[in-house]
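Undergrad: Sharing a structure, written as C-alpha cells. Questions coming.
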Ligand code: NOJ
Ligand code: NOJ
C-alpha cells in the first residue's frame, strides 16, 4: 500500500510539472481542474487492474468495475500516454497500469457470469461476477472495450511490438482467445439483439450501443487485416455496414432528430421523449479525428437537448458569471430522468453530459466540420466549462451529478467517468 502511494504521488508530481509547460495554452482554472481530473481518474485504478466506478460504497454503492466506465477511462489513458507533455516517468507509470488492466480484462472475459457470454455490465473489484438482479446484458461494454484495446493495439503495432498484440490482444483464431478478437466476435454475432442501455434501465435497440458496435467493427476489420485475419476482416466489415444501415432507422424524418432507442422490449414508462444525451456521448466517444455519426442530425439533437434542459433545471436561469463570462447549460441524461444519484427523487445535471457539449463543439471546430463557426463553437465550449467549474468544490472533486436547484454536487463522489469526461473535453478544447 505504501509502495502504491509513493508511486502515485511521484506520478502526480511529474504530471504537474509537465503540464505546467502548457500554461501558455490555457487559463489556469481550466488547467488546474485538468490536472485534478487526471489525478482523480488515476486514483480509482486498483493495483490488480480493476477500475472502480467511484470509491463510494453506499448511497450509492458504486464500488464495482463497470465495463463501460472502465473502457472509456482506459481509452483516455491510452491516448494520454502519447501526450508529448508527459514525463518519461509518468508515461511508464501509465503504461504499467494499462498492462495490468489488459490482464484484468482477459480474466473478466473468462469469468463465469449470469450470462453465457460477454455483456455482463459490472464485476466486483476482486474479479468475481456480480449475480444480483441487474439490467443485463449491456452490449455496449464489449464494443467500448474493443474501441480502447484497438487503440492500444495500433499503438503497439506502430512501436513495432506485433508480438505483444498477438500474445494478448489479437490472434485470428476461432474460438477466439485474445481480448479484441473475443469482443469483436461477440459484437459481430449479437448486435441484432436488444440489450440494456448505458443507463442500465431499458431493454431496446439503442443508438448508443449500436454506434459503439458499428465503429468497433469498422476499426476491428482494419486491425484484422493488419493481423492477417482476412476472414475476420471481411465478416466484421460486413456487419459494420449492416449496422450502419440499421442506424438510419433512428433518424426521425420529420424533426431530423436522432431517437435514442427503437424497438423497446422493456420500456421505462415515464421515458417518453426521443431525446437522450447518449446520442451526443457516443458521437464524442467514437470520434478519432473524424466522426462516425450523421452530423447534421447530431447537431439538431444537441440543440434540442439544450433547449429542454434549459427549461427544466432551475440553475440554468443564470446565464452569466458575476464577471460577465457566459455560463453554459447544465445538461442531464434525458428530460424525464428521476434518478437522483441514490434514489428516485428527481433527475439532475451530470458532469459527463454538460461537458459533452464542449467536447463536441471543439472537435467539430478543430476537425473542420463547421466552417465559419469557429468563434461560436469556442464560446459554447467555454460556457460549458464555466458551468462545470462553477459547481465544483474548491478541491475540484467531481461527483456524478450536481443539483438542479442549487448546483451542489450529488451522487457517487469522485466518479471516474466524470474525471474522464473532463480530460477528454479539455484535450479537445485546449
Ligand atoms: C443505477 C443505474 O446505474 C442508474 O443508471 C439507474 O438510473 C438507477 N440505478 C435506477 O435504475
Ligand atoms: C450509473 C450510470 O447510469 C451508468 O451509465 C454507469 O455505468 C454507472 N452508474 C457506473 O458509473
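Undergrad: Give me the residue from the stretch 170-190 that is in a helix (DSSP H, G or I) and free of Cβ contacts under 8 Å to residues at least 60 places away in the same chain and, out of that set, nearest to ligand 2 (Cβ to nearest atom). Give the steps one after another, and end with the answer.
TA: Just the residues of the stretch 170-190 that are in a helix (DSSP H, G or I), to begin with: 179-190.
Filter once more, keeping what is free of Cβ contacts under 8 Å to residues at least 60 places away in the same chain: 180-181, 184-185, 187-189.
Working: 180: 22, 181: 25, 184: 22, 185: 24, 187: 18, 188: 24, 189: 24 Å.
Here the answer is 187.
Undergrad: Of the residues in the stretch 309-348, how many are assigned to a helix (DSSP H, G or I) and either more than 17 Å from residue 281 (Cα to Cα) or at pLDDT below 95 (or both)?
TA: Going through the stretch 309-348, the residues assigned to a helix (DSSP H, G or I) turn out to be 309-312, 314-317.
Subsequent filtering for residues that are either more than 17 Å from residue 281 (Cα to Cα) or at pLDDT below 95 (or both) retains 310-312, 314-317.
So the answer is 7.
Undergrad: Sort out which residues of the stretch 219-239 are in a helix (DSSP H, G or I) and either in contact (Cβ under 8 Å) with a residue 60 or more places away in the chain or surrounded by fewer than 19 Cβ atoms within 10 Å (Cβ to Cβ) (or both), and write them in order of number. Give the derivation first.
TA: Within the stretch 219-239, the first condition is being in a helix (DSSP H, G or I), and the residues that meet it are 219-226, 230-239.
If the condition is that a residue be in a helix (DSSP H, G or I) and either in contact (Cβ under 8 Å) with a residue 60 or more places away in the chain or surrounded by fewer than 19 Cβ atoms within 10 Å (Cβ to Cβ) (or both), then 219, 220, 222, 223, 225, 226, 230, 231, 232, 234, 237, 238 are the ones that fit.
Undergrad: Which of (1) surrounded by fewer than 19 Cβ atoms within 10 Å (Cβ to Cβ); (2) at negative phi; (3) within 16 Å of ligand 1 (Cβ to nearest atom) does residue 193 not meet, given it meets every other one?
TA: (3)
Undergrad: Taking the stated definitions as given, is residue 193 outside any helix (DSSP H, G or I) and under 13 Å from residue 118 (Cβ atoms)? Before the answer, list the steps.
TA: Numbers: outside any helix (DSSP H, G or I): yes; under 13 Å from residue 118 (Cβ atoms): yes.
Taking the combined requirement at face value, the residue satisfies it.
Undergrad: May I ask you to list the residues in the stretch 313-336 that are in contact (Cβ under 8 Å) with a residue 40 or more places away in the chain and either within 22 Å of the chain's Cα centre (by Cα) or buried (at least 16 other Cβ atoms within 10 Å of the Cβ) (or both)? Show your work before the answer.
TA: In the first step, residues of the stretch 313-336 are kept if they are in contact (Cβ under 8 Å) with a residue 40 or more places away in the chain; the result is 313-315, 321, 325-336.
Within the stretch 313-336, 313, 315, 327, 328, 329, 330, 331, 332, 333, 334, 335, 336 meet the criteria.
Undergrad: If you go through the stretch 40-65 one residue at a time, how many are more than 23 Å from residue 90 (Cβ to Cβ), in contact with a strand residue (DSSP E or B) (Cβ under 7 Å, 6 or more places away or on another chain) and surrounded by fewer than 24 Cβ atoms within 10 Å (Cβ to Cβ)? So that I can check it myself, show each step before the final result.
TA: So the first thing to find is which residues in the stretch 40-65 are more than 23 Å from residue 90 (Cβ to Cβ), and the list is 53-54, 56-65.
Keeping just the survivors that are in contact with a strand residue (DSSP E or B) (Cβ under 7 Å, 6 or more places away or on another chain) gives 53, 64-65.
Checking which are surrounded by fewer than 24 Cβ atoms within 10 Å (Cβ to Cβ) leaves us with 64.
So the count comes out to 1.
The values are calculated or read from the model by the stated rules, or taken from the named source; none is laboratory data. Every value quoted in this text rests on a predicted model; they were computed, and no experiment measured them. Ideal geometry is used to build each Cβ from the backbone, glycine not excepted, and the neighbour counts take in all protein chains shown.
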